[in-house]
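Participant: Pasting in a structure now, in structure tokens, and then I'll have a few things to ask.
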Amino acid sequence: MNDTAIETVGLGKRYSRKRSSWALRDCSFRLPTGRICALVGPNGAGKSTLLALAAGLLRPTEGTVSVLGRTPGEARELIGYVAQDKPLIPQLSIADTLRMGQELNPGRWDMAAAERIVAEGKLDPSERVRSLSGGQRTRVALALALGKRPELMLLDEPMADLDPLARHQLMGTLMAEAAENGTTVVMSSHVLTELEGSCDYLLLVDGGRVRLGGETEDIVAAHTLLTGPVADLAPHTVIEQRTAGRGLTALVRRDGPIEGPWETAEPSLEELLLAHLRSPDAPDLLTPSAEHRTDTAVRA
Amino acid sequence: MSTSTSPHPAPAPAPAKTAKTSRLRPSGQLWTVLRLHRTALWVWVAFVVISIGVLLWVRYGSTGVDAAATLAGCGTAGHRACDEWMWSDTALVTTRDRLLEIGQVLRNLAPVVAAWAGAALIGRELENGTAELAWTQSVSPARWLATKLAVPAAFLTVGAGVLVASYRMLLDWSVTHHMLRAGYEKYTLYFNIGPATVAYTLLGLAVGALAALLLRRAVPALVAGAAAAWLLTVAIAPWRGSLWPVGAVGDSSLWHLPGSDSCGGGIYNHNLIDSVDPCISAQPADHYLPVQLVETGIVLALAAVLVLISFRVLHRRNA
């Protein structure tokens with residue numbers, strides 16, 4: 001049984017031939033199956049590109065990406081994907097949109113599940129997609145993606161433009177469906193708090209590469225927030241430090257136990273991510289489960 | 001397809017239901033294309049039906065009947081010569097003008113089809129991301145494009161085929177009644193009554209699709225597709241007369257018009273008399289089919305090359 005949802009080796013994507021325009025470069029990581037993964041990073045970091053490559057919508061410029069042990073093209077039936085702007089066909093009714101899902105996924109489609117997701121939003125199936133609000137569109141797009149019973153869900157900024165109530169409802173629907181079917185979910189966002197409660201895996205993409213990858217708990221546990229007098233922090237890796245007079249605040253990646261005159265605390269996930277984003281030179285960290293295993297993933 | 005020949009009783013009633021729906025109704029990607037482009041396909045069907053109505057009206061309307069009556073018995077003892085009324089009888093001139101106008105419409109289907117294919121069929125879907133929606137709903141980009149092209153191609157082939165056949169019947173009627181005159185005006189007529197016209201509409205489809213795949217936006221693809229299709233038809237047109245070896249004017253078996261040997265003179269009859277275009281060169285009537293088939297072949301080959309390039313473009317950009 002394949003336990004790898006996504007694996008990339010040296011993955012790179014460049015949209016034009018100009019040298020500076022790599023959207024993603026030298027990106028290697030592995031995402032085990034069954035995880036709810038937050039794909040975070042600032043705007044323009046390459047999150048959408050990474051998801052589109054995994055969904056088989058883009059061809060890598062270099063490197064390889066495999067999904068569930070196959071090329072993204074071969075895994076097409078197993079992947080659910082919701083793009084950032086939730087494209088749907090405006091002239092179709094909701095019922096016709098779901099019918100399209102059924103026609104395009106023969107043998108896989110679960111109409112009852114898709115209709116249930118629509119019904120939970122109190123949507124009239126005869127309503128046309130063009131008249132739906134942003135939240136309603138997201139719900140229909142999710143129903144279309146979940147109706148094909150994917151093994152891997154790729155959601156690009158799924159909750160952007162939603163009010164907190166709709167966000168909470170949809171996240172609940174999504175998590176319930178994922179839990180029921182053991183679906184691996186990757187959700188991108190530039191607002192971490194949107195995802196923090198639901199995700200147990202983390203990929204931080206910044207500047208076109210994966211800087212942090214692994215179980216959220218393990219990544220947080222590998223770091224310590226120190227406050228105390230200015231002193232040499234070796235052998236720990238300093239991610240970020242600030243001095244005020246003789247006082248020091250530093251976020252370090254531990255190498256062995258912390259010994260010294262400092263007060264230690266576990267950083268919050270947000271502090272940890274912000275520290276990494278502010279320090280582009282900090283070394284990358286992939287936990288063992290996020291390290292790619294093969295030298296080349298299946299050729300796309 | 002599940003069959004009911006299994007020795008074991010079927011455990012679930014579901015397969016019977018799917019078999020029932022899939023046998024009679026379009027399914028899968030075919031259903032999607034038919035549903036998505038329902039309006040456009042109905043417009044095309046309506047265009048074909050209305051055009052056939054116009055053809056019938058030209059023939060059976062009062063003007064057409066008057067024109068035929070004017071020329072009844074012409075050229076035989078006791079009647080006037082057939083070309084005597086050619087430019088003076090209103091009904092005759094009107095009928096002939098209508099025949100030419102219908103020919104012009106048929107001639108110019110390709111740019112219209114290209115505009116639609118560029119904008120609505122492919123361009124809009126690439127622009128607003130619904131193409132990617134299909135590709136993530138288990139349809140590979142190649143199969144998506146194949147169905148997108150095949151369904152309209154079937155509608156265009158049947159529709160344009162019916163139109164060309166009907167137009168040909170109308171021309172046969174007008175020739176029988178000596179309404180057409182040899183010369184410049186039949187240039188369009190002659191080339192529009194064969195399979196080449198159908199091939200041009202398919203060329204329009206291919207041009208529009210390629211424009212959309214290259215530009216990935218609806219409005220630019222509409223403009224570029226229509227312009228390219230129009231330029232291609234204009235570029236091919238002058239070569240049509242020389243696709244097949246021509247005979248010499250004056251050869252008795254070739255173009256020969258009673259009472260006239262000049263271009264633009266005499267009565268035209270594509271069955272009995274014989275030329276592709278006497279203004280360019282003479283062609284016997286039995287050259288008609290070879291000339292049409294060669295032109296059709298060239299246009300279809302061009303369309304095939306464009307379709308191949310379209311698949312290449314799609315393949316290069318998408319996994």
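Participant: Modelled with pLDDT of 90 or more and either crowded, with 16+ Cβ neighbours inside 10 Å or within 14 Å of chain A (Cβ to nearest Cβ) (or both): does that describe B:T39?
Facilitator: Yes; evaluated as a whole, the condition is true for this residue.
Participant: Right, something else. With respect to A:T49, determine if the residue is more than 7 Å from chain B (Cβ to nearest Cβ), out of contact with any Asp or Glu (no Cβ under 8 Å at 6 or more places or on another chain) and either on the phi > 0 side of the Ramachandran plot or buried (at least 18 other Cβ atoms within 10 Å of the Cβ) (or both). Even if it seems obvious, please write down each step before you answer.
Facilitator: On the way: more than 7 Å from chain B (Cβ to nearest Cβ): yes; out of contact with any Asp or Glu (no Cβ under 8 Å at 6 or more places or on another chain): yes; either on the phi > 0 side of the Ramachandran plot or buried (at least 18 other Cβ atoms within 10 Å of the Cβ) (or both): yes.
In short, yes.
Participant: Condition first: within 14 Å of chain B (Cβ to nearest Cβ) and more than 21 Å from the chain's Cα centre (by Cα). Can you find one or more residues in the range A:16-32 that meet it?
Facilitator: Yes: the range A:16-32 contains one or more residues that are within 14 Å of chain B (Cβ to nearest Cβ) and more than 21 Å from the chain's Cα centre (by Cα).
Participant: Here is a follow-up. Within the group A:G80, A:G107, A:G101, which residue is outside any helix (DSSP H, G or I) and under 19 Å from A:L57 (Cβ atoms)?
Facilitator: From the options A:G80, A:G107, A:G101, the qualifying one is A:G80.
Participant: Can you tell me which of A:R128, A:R99 is more than 18 Å from the chain's Cα centre (by Cα) and more than 11 Å from chain B (Cβ to nearest Cβ)?
Facilitator: Just a single option satisfies the conditions, and that option is A:R128.
Participant: Of everything in the range B:135-154 that's more than 10 Å from chain A (Cβ to nearest Cβ) and surrounded by 20 or more Cβ atoms within 10 Å (Cβ to Cβ), which residue is nearest to B:V207 (Cα to Cα)?
Facilitator: B:L149
Participant: Taking the range A:195-217, which residues are over 16 Å from A:H276 (Cβ atoms) and over 12 Å from the mean Cα position of the chain (by Cα)?
Facilitator: Residues satisfying the conditions are A:G197, A:E215, A:E217.
Participant: Can you find a residue that is farther than 18 Å from B:W31 by Cα, in contact (Cβ under 8 Å) with a residue 40 or more places away in the chain and within 9 Å of chain B (Cβ to nearest Cβ) anywhere in the range A:155-175?
Facilitator: no
Participant: Hey, A:P90 hits all of (1) buried (at least 19 other Cβ atoms within 10 Å of the Cβ); (2) within 11 Å of another protein chain (Cβ to nearest Cβ) but one; which does it fall short on?
Facilitator: Single failed check for A:P90: (1).
Participant: I need the full set of residues from the range A:149-192 which are out of contact with any helix residue (DSSP H, G or I) (no Cβ under 8 Å at 6 or more places or on another chain) and assigned to a helix (DSSP H, G or I), in order please.
Facilitator: Hits for the range A:149-192 are A:P164, A:L165, A:H168, A:M171, A:G172, A:M175, A:A176, A:A178, A:A179, A:E180, A:N181.
Participant: Could you please let me know if A:Q136 is more than 26 Å from A:R35 (Cβ to Cβ) and away from every other protein chain (no Cβ under 13 Å)?
Facilitator: Spelling it out, A:Q136 is indeed more than 26 Å from A:R35 (Cβ to Cβ) and away from every other protein chain (no Cβ under 13 Å).
Participant: Let me ask something else about it. Could you please find all residues in the range B:34-48 being under 13 Å from B:L163 (Cβ atoms) and in contact with a Pro (Cβ under 9 Å, 6 or more places away or on another chain)? Walk me through how you get there before you give the answer.
Facilitator: First, the residues of the range B:34-48 that are under 13 Å from B:L163 (Cβ atoms): B:44-48.
Within the range B:34-48, B:W44 is the sole residue that qualifies.
Participant: Let me ask something additional. Could you tell me which of the residues B:G64, B:G118, B:G53 is closer than 17 Å to B:W173 by Cβ and surrounded by 13 or more Cβ atoms within 10 Å (Cβ to Cβ)? Walk me through it before giving the result.
Facilitator: Values: B:G118 fails: closer than 17 Å to B:W173 by Cβ; B:G53 fails: surrounded by 13 or more Cβ atoms within 10 Å (Cβ to Cβ).
Criteria check complete, one pass: B:G64.
Participant: Here is a further query. What's the number of the condition A:D3 fails, among (1) surrounded by fewer than 24 Cβ atoms within 10 Å (Cβ to Cβ); (2) touching a residue at least 40 places away in the same chain (Cβ under 8 Å); (3) over 11 Å from A:R209 (Cα atoms)?
Facilitator: (2)
Participant: Of everything in the range A:65-79 that's within 7 Å of chain B (Cβ to nearest Cβ) and in contact with a strand residue (DSSP E or B) (Cβ under 7 Å, 6 or more places away or on another chain), which residue is surrounded by the fewest Cβ atoms within 10 Å (Cβ to Cβ)?
Facilitator: A:I79
Participant: I would also like to ask the following. How many of the residues making up the range B:200-234 are surrounded by fewer than 23 Cβ atoms within 10 Å (Cβ to Cβ) and either within 16 Å of B:R107 (Cβ to Cβ) or within 19 Å of the chain's Cα centre (by Cα) (or both)?
Facilitator: The qualifying residues number 7.
Participant: Something else about it: I'm trying to understand the selection: among the residues of the range B:104-133, which are more than 10 Å from chain A (Cβ to nearest Cβ) and not in a helix (DSSP H, G or I)?
Facilitator: Scanning the range B:104-133 gives a single hit, B:N108.
Participant: Would you check if A:D281 is part of a loop (DSSP other than H, G, I, E, B), touching a His at 6+ places or on another chain (Cβ under 7 Å) and loosely packed, with under 15 Cβ neighbours inside 10 Å?
Facilitator: Against the criterion (part of a loop (DSSP other than H, G, I, E, B), touching a His at 6+ places or on another chain (Cβ under 7 Å) and loosely packed, with under 15 Cβ neighbours inside 10 Å), A:D281 does not qualify.
Participant: When you go through A:A143, A:A83, A:A114 one by one, which is the residue that is within 13 Å of chain B (Cβ to nearest Cβ), buried (at least 21 other Cβ atoms within 10 Å of the Cβ) and without any contact (Cβ under 8 Å) to a residue 40 or more places away in the chain?
Facilitator: From the options A:A143, A:A83, A:A114, the qualifying one is A:A114.
Participant: So, in the range B:264-319, of the ones that are among the aromatic types (F, W, Y) and more than 30 Å from B:L215 (Cβ to Cβ), which residue ends up modelled with the lowest pLDDT?
Facilitator: Our first condition is that a residue be among the aromatic types (F, W, Y); within the range B:264-319, this holds for B:268, B:288, B:311.
With the extra rule that they be more than 30 Å from B:L215 (Cβ to Cβ), the set shrinks to B:268, B:288.
Working: B:Y268: 52, B:Y288: 70.
The qualifying residue modelled with the lowest pLDDT is B:Y268.
Condition check ((1) in the same structural domain as A:A45 (by TED's automatic domain parsing); (2) out of contact with any Phe, Trp or Tyr (no Cβ under 8 Å at 6 or more places or on another chain); (3) assigned to a loop (DSSP other than H, G, I, E, B)) across all residues:
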{"position": "A:E194", "(1), (2), (3)": "yes, yes, no"}
{"position": "A:A234", "(1), (2), (3)": "no, yes, yes"}
{"position": "A:V238", "(1), (2), (3)": "no, yes, no"}
{"position": "A:Q241", "(1), (2), (3)": "no, yes, no"}
{"position": "A:T249", "(1), (2), (3)": "no, yes, no"}
{"position": "A:E270", "(1), (2), (3)": "no, yes, no"}
{"position": "A:S289", "(1), (2), (3)": "no, yes, no"}
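Participant: I need the full set of residues from the range A:17-33 which are in contact with a Gly (Cβ under 9 Å, 6 or more places away or on another chain) and surrounded by 16 or more Cβ atoms within 10 Å (Cβ to Cβ), in order please.
Facilitator: A:W22, A:A23, A:L24, A:R25, A:C27, A:S28, A:F29, A:R30, A:L31, A:T33
Participant: Under 7 Å between Cβ atoms, at least 6 apart or on separate chains: pull out the pairs that start in the range B:49-66 with a residue that is assigned to a helix (DSSP H, G or I) and end on any residue that is among the polar types (S, T, N, Q).
Facilitator: B:I52/B:S166; B:L55/B:S166; B:V58/B:T95; B:T63/B:T94; B:T63/B:T95; B:G64/B:T95
The values are calculated or read from the model by the stated rules, or taken from the named source; none is laboratory data. Predicted model only: the values in this text are computed from it and were never measured. Don't worry about glycine lacking a Cβ; one is built from the backbone with ideal geometry, like all the others, and counts go over all protein chains shown.
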